[in-house]
Amino acid sequence: MVFKRLLGAIGIGGPSVDTVLDGGPVVPGGSVSGRVRLTGGSAAVEVEHIGLELLARVEAEHEEGESEGAVVFERFTLGGGFRLGAEEEREVPFSVPLPWETPVTELYGQPLGIVLGVRTEVGVAGARDKGDLDPLTVAPLPVQEAILEALGRLGFGFRSADLEYGRIGGTGQQLPFYQEVELTPAPQYAPAVGEIELTFLASPAGLEVVLEADKRGGPSSSGHDTLTRFTVRHEDAHALDWSAEVDGWIHQLIAHREAYGAHATYGHGHGGHHDDQHDSGPGLGTAVAAGAAGLALGVVGGMVAAEVVDEIGDFFEGDED
C-alpha cells in the first residue's frame, strides 16, 4: 500500500513522501518491513526525523458510556539528520518488530473488524507531519490458529471482535489494550453458557489465554460472567489433538462456572478482568485458547476487506493521540 503526502510544513513545492509496506500479512512478534520514499521539492530541506507509528482503533468504557479512539501502541525512529536536495529522490528501507500482543486482524483472509494502521512521520524545518495511514494486516500465530480451528470444528461461531482499552489483572499484559473475541457456543455447550469471550496475550515463551463465559440466567436470576486464565506454549501448535484439548478446557470452564459463579461476578471495569488463574503444562493449557476458533468459520458475511481498508482511513484521518 502506498500513500503520498505533501508536507504541510513546507507547503507547495515541498518534498513528498511515499511509504510502501511489503505485501502480505504479518504475525504477532514478527516484523513490518517496507520503504519510505522521499522526493525533494523545489528547494533543498533538512530532514530532521523520520518515524513510524503503529496505531489501533480501541474502545473504552467510562462513566458516560463507551467511546472509540486511536491509540499509538509502538513508535520507531527510522532515520533523519540529512539534507534532501531539490528534486532528489531518497529511499529509507525499514524493518521494525511487532509487539507480541499485536491483535489479529484476519483469519484465512477474512477480516475480523479489527483496525490497525502504520503511520509515517517526517520532521522538516522544525515541524513534523503525520502522514496518512497504511492498513496493517495481522494473521494469527500457529498456536492461535490451531486453537481457532479446533473451536470451529467443535461448532463455535464468531460473533464479533474488538479492542478494549484497559488491562487484564494478574497477567503479563504489555499493551494498554487487549483484543476480545466474542463467540457463540456450540450446541453441546449452549445450555450452560450464552457467550464465550477469548483474549490471547502472546509473548516469546507462549500465550496467556483469558477465557470468559457468561451463564444463562433463569427466570428469577440474572446471568453473570466467570473468567479463567491459562498458559500455552508455542511449540504445542502441531503437537496436540486440539479438538480434544479445547473440548476439555470448555468443560473445565463450565465446571468452574457452576462451582464458583454464584459466589463471584467478573466484569469488564476500568481495572480490566479479574481472573482465576490456571497455569498448565503443554496439554491442558493449550485448549484454553478455546474461545477464539469460532473466528475461522463465522467471519464470512461480516465486514469485507475493502470496507476495512476504507474505514481505517476515515477513522484515523486527522486523529491526534
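The values are calculated or read from the model by the stated rules, or taken from the named source; none is laboratory data. In this text, all values refer to a predicted model and were calculated from it rather than measured experimentally. Cβ coordinates were reconstructed from backbone atoms using ideal geometry, including for glycine residues, and neighbour counts include every protein chain displayed.
Taken over region 166-184, the criterion of being buried (at least 21 other Cβ atoms within 10 Å of the Cβ) and over 18 Å from LEU207 (Cα atoms) is satisfied by LEU183 alone.
Kindly indicate whether PRO185 is more than 30 Å from GLY24 (Cβ to Cβ) and either in contact with a helix residue (DSSP H, G or I) (Cβ under 9 Å, 6 or more places away or on another chain) or without any contact (Cβ under 8 Å) to a residue 40 or more places away in the chain (or both). Don't jump to the end; show me each part of the working.
Details: more than 30 Å from GLY24 (Cβ to Cβ): yes; either in contact with a helix residue (DSSP H, G or I) (Cβ under 9 Å, 6 or more places away or on another chain) or without any contact (Cβ under 8 Å) to a residue 40 or more places away in the chain (or both): yes.
Judged against the criteria, PRO185 is a match.
None of GLY23, GLY14 is modelled with pLDDT under 90, outside the structural domain of PRO176 (by TED's automatic domain parsing) and over 20 Å from GLY117 (Cβ atoms) except GLY14. If we keep just the residues of region 196-236 that are more than 21 Å from GLY166 (Cα to Cα) and either modelled with pLDDT of 80 or more or among the aromatic types (Phe, Trp, Tyr) (or both), which is surrounded by the most Cβ atoms within 10 Å (Cβ to Cβ)? Result: VAL232. The requirement of being basic (Lys, Arg), modelled with pLDDT of 90 or more, surrounded by 14 or more Cβ atoms within 10 Å (Cβ to Cβ) and over 20 Å from ALA139 (Cβ atoms) is not satisfied by ARG57.
Taking the criterion of being exposed (fewer than 14 other Cβ atoms within 10 Å of the Cβ), at positive phi and not in a strand (DSSP E or B), the residues of region 63-87 that qualify are GLY81, GLU87.
Counting only strands (runs of 3 or more DSSP E) wholly contained in region 88-180, the ones carrying 2 or more residues that are under 30 Å from VAL193 (Cα atoms) and more than 15 Å from the chain's Cα centre (by Cα) occupy 157-165. Considering region 19-54, the residues that are in a strand (DSSP E or B) and among the acidic types (Asp, Glu) include one that is surrounded by the most Cβ atoms within 10 Å (Cβ to Cβ), namely GLU53.
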